[in-house]
Amino acid sequence: MHNKHLQFENDSETIIAIDGLAQELTLLHITDSHMATADDRDPDALEDAARFKKLFETRTPNNVPTRQLFQEALAHSNTIGADATLLTGDIIHFPSHAALEWIEQGVQSLQSPYLYTLGNHDWHFPHLEWNDDTRLAHYPRFNHLTNNTPAAQALDLADIRLIAIDNSNYHLTPEQLAFLRQQLATDRPCLLFIHIPIAIPSLIPAVVEVWKEPIVMAADGWSEEGKKKWRVGEHYESTLACHKLLTEEAQNLVAIFCGHVHFSHSGEVHPGCMQYVTKPCFEGGYREIRLKPMV
Ligand SMILES: [Fe+2]
């Protein structure tokens, strides 16, 4: 399969020519709005929600509310007539009922199908342990946004396949890996949507410069202190197998789109496949993805 990444250095628009694509497709990628809100239904989160709402507003353009930027990004999807909208996590800062309602009201305004995959903040309250039990306990809140499968989803759109996997604990479980393999076993060109970028050589220095640790999936070079702070643990075998699959084996994988590190970046995964990290929505970011037939 031959793909050409025609425009890959632009922060807000990516153009990819794909061999065999019959029609042009436009997608919108939104990530990391970090909307924080809570009400009496989540009393333990009230204080943190107020604090983080304020904190993120100091980082938005003109200090507008994060929710406004989320709504503007969704409206942009409709304006450009996107064929699908892809949301890759940390859209909310805590899984409060009120925050979930903000997502629901948002996606209801979309004129396109969407995929929603989770980030590390989507399922975690600061007063709870950061572990897989907490993630699992909050999965049901996302069932109706994820066709009842928050861990892994796929959507066929015209000639292409969109795959969304929750890698927000820095890992892929064996079940998620099996799902990914199965979805990639197709003649369709595939695009993968995840919260946490995978380790590729061009991304690591930029991540370490900002975060002091390589906070991406399957990265080497964590300090012992960093592993504890980010609760990343040792790599699962399935995580390393996923990394190999994506970087060496999946020839029909055209691109990976992700967020988490809060800056825009593009870098090669393997010849013909690029990873695009999108600027966070709380900074007014989103990425138009234009897929064109190869001429
Ligand atoms: Fe994140």
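In what sequence, highest mean first, do 212-221, 62-71, 2-11 appear when ranked by Cβ atoms within 10 angstrom? Write down the numbers at each step before the final one.
Values: 212-221: 18.8, 62-71: 17.1, 2-11: 14.1.
Descending mean neighbour count gives 212-221, 62-71, 2-11.
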Distance between the C-alpha centers of the range 259-295 and the range 170-213? Whole Å please.
13
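Can you check what the net charge comes to around T26, using other residues whose Cβ is under 13 Å from the Cβ of T26 (Lys, Arg +1; Asp, Glu -1)? Numbers along the way, then the final one.
Numbers: positive: R287, R290, K292; negative: E13, E24, D83, E288.
Taking every other residue near T26 into account, the sum is -1.
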At 222 nm, what helix-only mean residue ellipticity would the chain give, in deg cm²/dmol to the nearest 500, using -39500 (n - 2.57) for each DSSP H run of four or more?
-8000 deg cm²/dmol
Which residue, F179, F257, F193, tops the fluctuation ranking in a GNM of the chain built on C-alpha contacts under 10 Å?
F179
How long, wide and thick is the range 1-120, going by the Cα atoms along their three principal axes, in whole angstroms, largest first?
53, 26, 26
Counted charge near Y286, where neighbours are those whose Cβ lies closer than 12 Å (Asp, Glu -1; Lys, Arg +1):
-4
With the crude spin-label approximation of a point 7 Å out along Cα→Cβ, what separation in nm comes out for R181 versus E72?
4.5
Pairwise centroid distance, computed over Cα atoms, of the range 214-246 with the range 85-142, Å
23
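Which whole-number percent is the relative contact order of the chain (Cα, under 8 Å, 6+ apart)? Could you put the intermediate results ahead of the total?
Numbers: 642 pairs, mean separation 80.6, N = 295.
Computed over the chain, the figure is 27 percent.
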The range 41-105, dipole about Cα centre (Lys/Arg Cβ +1, Asp/Glu Cβ -1), debye to the nearest 20:
240
Could you calculate the contour length gain from E104 to T149, that is, 0.36 nm times the residue separation minus the distance between their Cα atoms, to one decimal place in nm?
14.6 nm
For the range 160-295, what's the relative contact order in percent, using C-alpha pairs closer than 8 Å and at least 6 residues apart?
25
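Using only alpha carbon pairs under 8 Å that are at least six residues apart, calculate the relative contact order of the range 152-204 and give it in whole percent.
Values: 57 pairs, mean separation 21.8, N = 53.
Worked out over the range 152-204, it gives 41 percent.
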List nothing, just return the count: lysine pairs in the chain, 8 or more apart or interchain, with Cα separation under 21 Å.
7
Given the candidates P113, L180, A17, the one whose Cα lies deepest towards the positive end of the charge dipole of the range 3-293, counting +1 at each Lys or Arg C-beta and -1 at each Asp or Glu C-beta, is A17
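Between V295 and D39, what is 0.36 nm times their sequence separation minus the Cα-Cα distance? Round to one decimal in nm.
Result: 86.8 nm gained on full extension.
Once the convex hull of the alpha carbons of the range 60-200 is built, what does its volume come to per residue, in cubic angstrom? Please list the in-between numbers first.
Values: hull volume 19.2 nm³, N = 141.
About 136 Å³ per residue, rounded to a whole number.
From the P(r) of the chain, could you give the percentage of C-alpha pairs in the tail past 26 Å? The partial results should precede the final answer.
Numbers: 17172 of 43365 pairs.
For the chain, the share of Cα pairs beyond 26 Å comes to 40 percent.
Where a number appears in this text, it was derived from the coordinates with a stated rule and is not lab data. Quantities reported herein were computed from a predicted structural model and do not represent experimental measurements. Neighbour counts run over all protein chains shown; Cβ positions are idealised from the backbone, glycine included.
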